[in-house]
Amino acid sequence: MSGLPVTIQDVNTNSNNNSPKAYIPSMFYRLVKTPKNLDFETAIYEMINLVFKPRKAFRSFYYQRQTKQQWAREDPSFFILQIALLTVSSVVWSIVYGHSFFGFLKMMINMIFIDFFLFGFTVASFFWLLLNRPMFKFRSAMQSRVEWAYCFDVHSNAFLIIWVTLYFLQFLLLPIIRLHKWIGIFVGNTLYCFSFAHYFILTFYGYSQLAFLKNINFILFPSLAFAVIYLISLLGFDLSKTFSFYH
């Protein structure tokens, strides 16, 4: 297969990633620093498109970053909004289930630091290490590198569908889930399997924006696996009860 030409952005990305500092998750620096401008309006627009028009959202990301020397977000507004959504979710779930203050803190820590950051750090690091291998790059773009911060951006984009499905929509459907055991299994398992299957579809969209990558269709395999898990789980395995955070 013929290779793709290396773009200016790819060359600059590679030169930046050769320094040791490039391997430090710069996203965390962006979260704690005080930026000059926080563009929450654009971040909200991105979130809406990610939920309802994901392809349009990723095309928009691609065009916005063509003139920059990096693919990762510079503005932490998107991350701040996600943390705010998770914090509000932990408050609402804690109130509904009568948790104490320490129970609320535990739930908030689980949602933000385990579900979002730890899971994201693991997934981002996995794809960062894997996709920087030569077998996933065109021959003419071997010097190009996938930024770790961009990998975490991809996770953040994809995690939004998990929040919408499991933290928001599942909460709204709790009265239906509790009506009957089999209704709960059907609705709960549908939400869980859909959210994680869609997570990897959005992850695939994210990495497909990098023109120097190839052979990345394997990212969609977990989506097929969750389809199989969903069919098997309908035999009586309640995913929502097993993996739910609110018990």
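Some values worked out for this structure:
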| read-out | value |
| --- | --- |
| Helices (runs of 4 or more DSSP H) (entirely within the range 1-113) containing at least 2 residues that are over 22 Å from S125 (Cα atoms) and modelled with pLDDT under 85 | 54-65 |
| Test result for I216, over 20 Å from F78 (Cα atoms) and in contact (Cβ under 8 Å) with a residue 60 or more places away in the chain | yes |
| Filter pass, L166 being of a type outside the set (K, R), closer than 27 Å to I232 by Cβ and not in a helix (DSSP H, G or I) | no |
| Number of the condition not met by W182 [criteria: (1) within 14 Å of S233 (Cβ to Cβ); (2) among the hydrophobic types (A, V, I, L, M, F, W, C); (3) touching a helix residue (DSSP H, G or I) at 6+ places or on another chain (Cβ under 9 Å)] | (3) |
| Residues that are assigned to a helix (DSSP H, G or I) and surrounded by fewer than 18 Cβ atoms within 10 Å (Cβ to Cβ), drawn from the range 175-185 | P175, I176, K181, W182, I183 |
| Residue within the range 151-164 that is out of contact with any helix residue (DSSP H, G or I) (no Cβ under 7 Å at 6 or more places or on another chain) and modelled with pLDDT under 90 present | no |
| Some residue of the range 133-142 being closer than 25 Å to P222 by Cβ, in contact with a strand residue (DSSP E or B) (Cβ under 9 Å, 6 or more places away or on another chain) and not in a helix (DSSP H, G or I) | yes |
| Residue within the range 144-153 that is among the polar types (S, T, N, Q) and either in contact with a strand residue (DSSP E or B) (Cβ under 8 Å, 6 or more places away or on another chain) or without any contact (Cβ under 8 Å) to a residue 12 or more places away in the chain (or both) present | yes |
| Candidates F171, F152, F159, filtered to the one that is over 14 Å from the mean Cα position of the chain (by Cα), in a helix (DSSP H, G or I) and of a type in the set (F, W, Y) | F171 |
| The range 97-145, residues that are surrounded by 13 or more Cβ atoms within 10 Å (Cβ to Cβ), under 30 Å from L210 (Cβ atoms) and among the aliphatic types (A, V, I, L, M) | M111, I112, V123, A124, L130, L131, A141, M142 |
| Residue ID - surrounded by the most Cβ atoms within 10 Å (Cβ to Cβ), chosen from residues in the range 186-217 that are among the aromatic types (F, W, Y) and over 17 Å from the mean Cα position of the chain (by Cα) | F212 |
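The values are calculated or read from the model by the stated rules, or taken from the named source; none is laboratory data. Owing to the predicted nature of the structure, the values given are computational and were not obtained by experimental measurement. Positions of Cβ are backbone-derived with ideal geometry, glycine not excepted, and every protein chain shown enters the neighbour counts.
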